[in-house]
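Q: Here it is: the structure, laid out below.
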Amino acid sequence: MTDPVSRNRSDFSATRRRFLGTSLAAAGAFTGGSLLTILPAGAQDLYTCRLQLGWLASNGILGEIAADEKGFYAEEGLKLEIVPGGPNVDGIASVASGSANLGSYSSSPSLMLARSAGIPIKCIAAGYQRHPFTYFSMKSKPVAKPEDMIGKKVATNGTARVLLQALLAANGIKEDQLEISVMGSDVAPLLTGQVDVVTGWRTNTPVLVALGPDRVELTLWDAGVQLYANPYYTTDDMLTNHKDKVVAMMRASARGWAWAFENRKEAVEMLVKRYPNMVLADELATVDMLMDEYCFNAQTKANGWGQMTRENWEKQIEQYTALGQFQGPVPSVDDIMTMEILEATADVRAKFGA
């Protein structure tokens, strides 16, 4: 996965302008201000769950595809429509304007920055309990802990530079103690010795294959910056006026992830059938890591799939405040997230995990 893990302040100024410019037009597409599209009677009067992704489709929607294939959305009175994101798609603006009624973004800080910019969205669940963002090096010049970065050449995505800044700040390391450059998604500079460290998602199997068994991994989480990945979010309006539909959407997703956890091979086959550009062998090689380290762990075993904590959000706000990332007022935890949807779906959120 090469999607951005954070966005700078100018990005969110543009998002806010797009939101303000499109919200009135979008509102006209829905009856009585509703953000849900009502389908014709021939479609069994199902409401459309329009899930806007922050990037292209990946194994991050494995549970949603399984839920759709198994009929869980239909059982909740819904029809699933997945809308891909990408470099030219502003997923947050799409949800905020009402073009979509549910979103899944790559990283939790994006939602914090959007809220600070005045965009009325709120997180309702955490798809990944730990962020897979990773600093990769090779055994010949290993970076296994943050202090190993000192004196090294580190290449990271432009949108992820703030994460490197957060890592360095959390570990008392100054930026001028290493050489930082901007990279794309290509890991070749590490393999050719041009740099000592590159970044990417640990769940991205093609990257792992390219780097091979001699790679060394330092995850952002283990380095002290503990973000959520694939957070689900919706608008204040949806939570106030259509909470029952949001609950139904998350019930279906929760059921899908539980089924995928217990039927991994079949779930991956469903995903690859829906998205033929994916490689079955690669996705099968990654699915156990995805399930056992990111989607489900000790926290989900105690509190169920999608769980999140106020304490984690408070720490994220504190870190991003220290880095001067908020362009507007510093948001509170209650501005950014709500536990009400998790509480309303507690009976179907599987308590799997180590």
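The values are calculated or read from the model by the stated rules, or taken from the named source; none is laboratory data. Because the structure is a prediction, the values reported are computed rather than measured. Glycine also receives a Cβ, built like all others from the backbone with ideal geometry; neighbour counts cover every protein chain displayed. We work out accessible area using only protein heavy atoms, side chains counted, and drop any ligands, DNA or RNA first. Shrake-Rupley method; radii C 1.70, N 1.55, O 1.52, S 1.80 Å.
Q: Quick one: in the range 103-113, of everything that is within 27 Å of ASP288 (Cβ to Cβ) and either hydrophobic (A, V, I, L, M, F, W, C) or in a loop (DSSP other than H, G, I, E, B) (or both), which residue is modelled with the lowest pLDDT?
A: Among residues in the range 103-113 that are within 27 Å of ASP288 (Cβ to Cβ) and either hydrophobic (A, V, I, L, M, F, W, C) or in a loop (DSSP other than H, G, I, E, B) (or both), the one modelled with the lowest pLDDT is SER106.
Q: For the range 45-55, state whether one or more residues are buried (at least 24 other Cβ atoms within 10 Å of the Cβ) and over 13 Å from the mean Cα position of the chain (by Cα).
A: Among the residues of the range 45-55, at least one is buried (at least 24 other Cβ atoms within 10 Å of the Cβ) and over 13 Å from the mean Cα position of the chain (by Cα), which makes the answer yes.
Q: In the list ARG264, ARG274, which residue meets the criterion of being open to solvent by less than 50 Å² (accessible area, probe 1.4 Å) and not assigned by the TED database to the domain that holds GLY212?
A: ARG264
Q: For the range 335-345, name all the residues that are open to solvent by 50 Å² or more (accessible area, probe 1.4 Å) and under 23 Å from ALA302 (Cβ atoms).
A: Result: MET339, GLU340, GLU343.
Q: Restricting attention to the range 337-345, does a residue exist that is under 14 Å from LEU113 (Cα atoms) and touching a residue at least 40 places away in the same chain (Cβ under 8 Å)? First the steps, then the outcome.
A: Step one: of the range 337-345, the residues under 14 Å from LEU113 (Cα atoms) are 337.
Those still in the list that are touching a residue at least 40 places away in the same chain (Cβ under 8 Å) too: 337.
Yes.
Q: If you take just the strands (runs of 3 or more DSSP E) that sit entirely in the range 114-228, which of them hold at least 2 residues that are under 19 Å from the mean Cα position of the chain (by Cα) and among the β-branched types (Val, Ile, Thr)?
A: 121-128
Q: I would also like to ask the following. Considering each of ALA93, ALA100 in turn, give the residue that is within 28 Å of PHE296 (Cβ to Cβ) and surrounded by 21 or more Cβ atoms within 10 Å (Cβ to Cβ).
A: ALA100
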